[in-house]
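A short write-up of the structure that comes next.
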Amino acid sequence: SLLQMNVPNRLQGRVFAVEGALLTLASALSSYTTGLASDAGWGPRPLELALAMVFVPTGLMMLALLWRAPAVHAEPVLAGGMGE
C-alpha cells in the first residue's frame, strides 16, 4: 500500500497488520450500519448516499495526508537480523 512505501522496512509488517485491522473494522462497521438502516426501512439509494457521504470524505482526507507526508527512506536490513 501507499503507507507501507513510506515507512522503514522494520515497521512494514506492523503497518500491514494495522491496515488489515482497520480495513476489517471499517468493513464490519459498514455492514452493521447497512443492516440497521435497511431494517429501519431505508431504501438502497438513500443508504448508499449516506454511506458515501461518510466514507468518501474520510478516504479523501487520508489520501491527502499520505500525499503530504514526507517520504521516509527505508533502512537496509543487516544479515544479522532486525535490531541486532
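The values are calculated or read from the model by the stated rules, or taken from the named source; none is laboratory data. Bear in mind the structure is a predicted one, so any value in this text is a computation, not a measurement. Surface accessibility is based on the protein's heavy atoms, side chains included, excluding ligands, DNA and RNA. Shrake-Rupley method; radii C 1.70, N 1.55, O 1.52, S 1.80 Å.
See the values below:
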{"item": "Which listed residue, of ALA17, ALA28, ALA79, ALA71, is at pLDDT 85 or above and either open to solvent by less than 90 Å² (accessible area, probe 1.4 Å) or not in a helix (DSSP H, G or I) (or both)", "result": "ALA28"}
{"item": "Residue list for the range 41-55, restricted to those being among the hydrophobic types (A, V, I, L, M, F, W, C) and open to solvent by 80 Å² or more (accessible area, probe 1.4 Å)", "result": "TRP42, LEU49, MET53, VAL54, PHE55"}
